[in-house]
Amino acid sequence: MAGLRKTFSQLGSLRRRFERILAGARKMSSSATFTHRPSRLQEIAKFGANPGNLRMLAYVPDRLPHMPALVVALHGCTQTADRYDHGTGWSTLADRLGFVVIYPEQQASNNPHNCFSWFLPGDTARERGEALSIREMVERAIVDFGVDRTRVFVTGLSAGGAMASVMLATYPEFFAGGAIIAGLPYGCASSVEEAFEAMFQERAASARALGDRVRNASRHQGPWPKISVWHGSADPLVKPSNAEDIVRQWANVHGLSDGPSHEQTINGHTRRIWNDASGKTIIEAFSITGMTHGVPLATGKGDECCGASGPFFLNVGIASTNHIARFWGLAIKEKAWSSAAKMASAAVRASSREIDAALEPAVAHVESNETYSGRPPLDANAVIAAAFKAAGLPTPENANEDPGSVSPGPIIAAALKAAGLLGR
């Protein structure tokens, strides 16, 4: 009985410490509150059995390429999906790069602080609880939005970061990469008390033991997702040693050395990288100098600025959202997409030149008041088809149009197909 009272007393002490630090962190950043804006997210009500009782919200840009990537963004404690989107800027970046974002959202009926249950066995095992709910959301998004299954990524802050660790460990075959911000390694807690201890105290698990937790979470034997880890050096809520454990966990899974392959300084912050035998970067770890608990941002104007400052969204001069997208290769896709758009424009211009050349004799005849008595009227669609053929482009599907009318839709579609912006 005395032992049970001691356990409850210790749990109460840890809980009060958590709530005190959480309130203090919010107060420290209260001067930088979010400006009001309408939500950019839409809820998707039905996405599976949803054993974890979560909500699914999504952002789908108006301009979306064929087979886009998908980012799963997991909010932290006391946050909502919309607030996390506003703070991180993922939907804004999605507009520019052309990918889909889904936002699982916790409900107060599951956790009074809106924290994901990253530490409960019933929610952190494959095919169970919240982990399965998020996996069901991913599948719904893949089917609904034509997502490329090889380009699905997951990221999150704090409890959301720890839940990202869960998803990467339990469903590694579904994710090409992950980014864990102020989070914890997979399998470091299996109860509320252990969760608080993992947040506040350094643990002594070996790299092998950490790696085994991931290997034992599924039957998957590789390849494994690439990992980006971010943590503030002055984080009072989740000890920075957790970032080191995440790195050790995934370095062991990937079979990489304990020490980094390279280290550099970016905007005053330390970035370490781990490369595989071919020189490809598999893991990166950022230590944000002097930052407390939150998402690192660079707000303001310019392409490198992203997100909005507020509680747990900290303007420290480095845009983690942008950098993570580059690390995953989403920015490379943007360059390819831009090139394809230029190809489409060039194709349309080439078609226009060919059409002008084909129509030039007819225009000359009209201008000289000559008539075409005894000849059928000029079939504009036939001329357009010939022009596309001369330019080496697929012929527009307008064969059934009236010879005296021209529909621009098939012409544009043919040009976009040639540029690879529409399915064949």
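The values are calculated or read from the model by the stated rules, or taken from the named source; none is laboratory data. Computed from a predicted model, the values in this text were never measured in an experiment. So basically every Cβ, Gly included, is an ideal-geometry build from the backbone, and we count neighbours across all protein chains shown. In case anyone asks, the SASA skips ligands and DNA or RNA and just uses the protein heavy atoms, side chains included. Shrake-Rupley method; radii C 1.70, N 1.55, O 1.52, S 1.80 Å.
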Rounded to whole Hz, the Karplus (6.51, -1.76, 1.60) HN-Hα couplings of the range 90-96, x for glycine and proline: 4, 5, 5, 5, 4, 4, 7
Efficiency of FRET from Cβ geometry, Lys301 and Asn267, R₀ 25 Å, rounded to 0.05: 0.90
Loop trypsin sites (Lys or Arg not before Pro), the range 167-245, which have at most 12 other Cβ atoms in a 10 Å radius of their Cβ (DSSP): Arg219
Förster radius 25 Å - calculated FRET efficiency between Asn53 and Glu173, Cβ distance, rounded to 0.05: 0.50
Amide H contacts of Gly48 (H built 1.01 Å from N, under 5 Å, at least 5 apart or other chain): none
Accessible area per residue in Å² at 1.4 Å probe, computed on the range 91-148: 33 Å²
Per DSSP, loop trypsin sites (Lys or Arg not before Pro) in the range 33-131 with at most 13 further Cβ within 10 Å: Lys46, Arg63
Vicinal HN-Hα couplings computed from phi for the range 277-284 (Karplus, 6.51 cos²θ - 1.76 cosθ + 1.60; Hz; Gly/Pro x): 5, 8, x, 7, 6, 10, 9, 10
GluC sites (Glu not before Pro) lying in DSSP loop within the range 96-197, provided at most 16 other Cβ fall within 10 Å: Glu127
Separation between Cα centres of the range 103-146 and the range 204-227, rounded to whole Å: 21 Å
Residue-by-residue Karplus 3J(HN,Hα) for the range 74-89, coefficients 6.51, -1.76, 1.60, Hz, glycine and proline x: 10, 6, x, 4, 6, 10, 10, 4, 5, 5, 5, 4, 4, x, 7, x
Cys77 long-range amide H proximity, modeled H, under 5 Å: Ala159, Gly160
Contour minus Cα-Cα distance for Asn216 and Ser257 (0.36 nm per residue): 12.7 nm
Residues with amide H under 5 Å from that of Val101, placed H, sequence gap 5 or more: Tyr59, Val71
Rel. contact order, % - alpha carbon contacts under 8 angstrom, at least six apart, the range 53-99: 58 percent
Stretchable slack from Arg63 to Val143, in nm (0.36 nm times residue separation minus alpha-carbon distance): 27.0 nm
Carbon/sulfur fraction of accessible area - the range 74-148, other protein chains in place, 1.4 Å, %: 50 percent
